[in-house]
1. Consider only pairs whose beta carbons are under 9 Å apart and that are at least six residues apart or on different chains; among these, list those whose first residue lies in region 96-117 and is more than 17 Å from His166 (Cα to Cα) and whose second residue is at pLDDT 85 or above and in a loop (DSSP other than H, G, I, E, B).
2. For the condition modelled with pLDDT of 75 or more and in contact with a His (Cβ under 7 Å, 6 or more places away or on another chain), what is the one hit in Leu426, Leu417, Leu412, Leu382?
3. Determine whether region 463-473 contains at least one residue that is outside any helix (DSSP H, G or I), closer than 24 Å to Tyr97 by Cα and open to solvent by 10 Å² or more (accessible area, probe 1.4 Å).
4. Could you tell me whether any residue of region 352-362 is within 30 Å of Leu161 (Cβ to Cβ) and basic (Lys, Arg)?
5. Just the residues that are basic (Lys, Arg) and touching a residue at least 40 places away in the same chain (Cβ under 8 Å), please, taken from region 39-89.
6. So which of Ala485, Ala446, Ala518, Ala450 ends up being at pLDDT 90 or above and either farther than 24 Å from Pro561 by Cβ or aliphatic (A, V, I, L, M) (or both)?
7. For region 205-304, list the helices (runs of 4 or more DSSP H) that sit wholly inside it and hold at least 1 residues that are more than 35 Å from the chain's Cα centre (by Cα) and surrounded by fewer than 23 Cβ atoms within 10 Å (Cβ to Cβ); which are they?
8. Do the conditions hold for Thr4, that is, is it farther than 19 Å from Asn416 by Cβ, at pLDDT below 85, among the polar types (S, T, N, Q) and open to solvent by less than 80 Å² (accessible area, probe 1.4 Å)?
Amino acid sequence: MENTITLFTLPDELIFIVLKYTDIRDAINFSATCRHFHDLVKSNQSFWAYKFKGQLPCIFDVADQYSSGIWLNELKTFLLQKQSIYKELLELPARHYWKIGQFSLHDVVHFFKVSSTHNLGYYYTISILHNIIRIGYKKMLQYNTEKPYTLTEMHYAKCVLSHLMHSYLTVKWIKNQMIEETPPEIVLNFIVQWIDNENFHFFEDVLNKLDIWADKVKAHLTNAHPDQLTENTDELYTPAQIFSAVSTVLFHQNRMTMTTSANLDTLDVLKVLENKVGNQIAVYAIYQAIARRCGAACDLIVFVNHLFLEWRCEDNPNKPVMYKIQIMTGELEANHRCPYVSSRFKYSADALLHSLHACFVKSLGPMQNWASANAADLLGFLGGTYTTPSAYDIFYQFFSGDIDLISLNSSLDIKNLSEREMAIILSLVHVKIRMNRPLGKFQNKAISEAREHDVTVKYGVGMVCSHKDLEYQCIIIGWELSCNAEWRTRLTNDGQTTGFEQPYYNVVANDQTERYVAQENLVPVNRPNRLLHLEDLVSKDFSHFDGFSYVMNDEKKTEYPEEGPIIEEHRQRCMTIENY
């Protein structure tokens with residue numbers, strides 16, 4: 001009698017080939033069928049490493065470096081954390097839609113606690129939120145979306161991200177500053193990470209990239225001065241030769257250019273070195289960092305609207321001579337400082353951060369988005385002058401108390417935080433702080449009854465309209481049957497045929513201003529497009545743009561439950577017009 005082939009007689013290699021093409025849950029369920037398969041599947045760490053990498057390729061390298069190496073447990077930990085984050089994120093809109101005041105650190109305590117469960121928890125939490133935002137952006141292009149990838153969930157994901165990243169960066173900055181002045185290239189990466197917390201900007205990536213460019217300069221020095229080649233390369237070349245080589249490599253060989261614009265491309269060290277275009281401060285900082293790696297230390301001195309690189313010749317320690325470096329050529333010229341500037345004036349990381357912030361805000365202009373909101377919080381953290389209090393303006397004072405950051409024998413790597421580091425970051429949640437800077441005034445609401453759609457109201461919430469006279473486009477975010485008493489004292493009905501007794505609409509205009517407009521001054525846009533630069537301002541109210549109007553989220557629908565039919569009527573009318 002021939003032997004019967006069963007699942008138990010299959011080679012282990014063949015079983016794992018099949019399991020590699022199954023879902024993770026199916027693989028786990030298969031392992032639960034019997035003790036033999038349980039032990040077989042559970043013990044195969046290479047298989048679970050493969051499944052982890054296939055499911056989470058973006059974070060595999062970090063997990064491979066810092067995790068316990070028990071991949072099944074690591075995968076379970078991540079999935080449980082993801083489930084907890086998704087659940088909490090989906091509950092935030094209903095909890096905060098009507099809330100007076102803005103999203104604060106106290107509102108994200110759950111995310112901090114989840115992030116503090118293990119050494120990779122903080123990195124996992126931020127990666128999960130990053131993924132929600134990335135997938136959300138892709139789904140928006142299809143005019144269709146589902147939770148948790150709507151504008152609303154993306155709004156709260158960005159809120160949580162800002163608090164998680166800013167708290168981590170606060171601790172890292174203050175700890176570093178307690179030890180020594182933070183070098184310019186790290187200051188640049190700090191401000192980029194603070195403002196653009198939808199992406200990781202790892203400090204070590206900046207350092208590694210600068211090391212590569214320093215090697216290019218060293219190679220140029222070797223070719224330019226072959227007669228000086230010795231084994232002791234640290235003291236091989238003079239500062240003048242090094243500065244000249246840095247200038248040659250940056251500006252002549254690689255055509256680096258400088259601009260006054262300060263944005264997330266021209267301040268990011270990695271992007272500047274890749275695109276060969278950078279803000280003036282960023283290029284000077286890169287120059288200084290490369291020269292330092294090649295053996296020539298110089299200081300970046302920054303004033304308002306003025307900066308330069310200074311090298312101190314210490315041949316006579318009692319009377320050092322200061323030289324200014326001509327960055328385009330590397331030439332040295334005697335630096336005769338302004339008589340009103342103290343001779344003891346030197347590089348300051350805080351001063352550099354202030355200057356970078358001022359340049360960024362100036363380049364950003366009146367634009368309101370998450371970058372501008374994060375920049376406002378940074379000014380509060382630095383102790384600058386601002387009209388709206390920042391959540392972070394007392395953190396310096398908090399850490400000057402009983403929190404001993406200097407004793408932390410680590411560099412605070414977000415990829416691998418120790419238990420004590422996470423405890424210190426988590427402690428910030430319990431600091432008595434002020435409200436965070438608002439992003440859009442219409443986010444502060446008072447609970448009201450559902451508004452029945454009166455026949456006099458022509459347009460629905462979420463529609464894109466245009467002002468008849470001023471010709472700006474806008475998104476309708478609310479309406480009233482007549483002009484309210486507060487606005488009647490501020491508006492004039494000159495030129496209006498209907499006066500104040502007509503529907504009035506709250507709108508967000510194309511220039512990001514919030515306006516109150518009479519119905520007779522609005523006309524619907526027949527073929528509207530997404531108003532991308534307004535979506536950060538209305539994301540708390542709408543889920544997505546469907547090709548004609550912005551779709552209200554569940555919370556907004558409780559306030560305006562009868563908008564659907566009137567929006568559909570306008571949609572059909574526009575389709576009829578297009579068919580003609």
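1. Final answer for the pair search is His96/Lys540; Tyr97/Lys540; Tyr97/Asp541; Tyr97/Asn553.
2. Leu382
3. no
4. Among the residues of region 352-362, at least one is within 30 Å of Leu161 (Cβ to Cβ) and basic (Lys, Arg), which makes the answer yes.
5. Lys82 - this is the single residue of region 39-89 that is basic (Lys, Arg) and touching a residue at least 40 places away in the same chain (Cβ under 8 Å).
6. Ala518
7. 239-247
8. no
The values are calculated or read from the model by the stated rules, or taken from the named source; none is laboratory data. In this text, all values refer to a predicted model and were calculated from it rather than measured experimentally. Don't worry about glycine lacking a Cβ; one is built from the backbone with ideal geometry, like all the others, and counts go over all protein chains shown. To get the accessible areas, we keep the full protein, side chains included, count just its heavy atoms, and leave off ligands, DNA and RNA. Shrake-Rupley method; radii C 1.70, N 1.55, O 1.52, S 1.80 Å.
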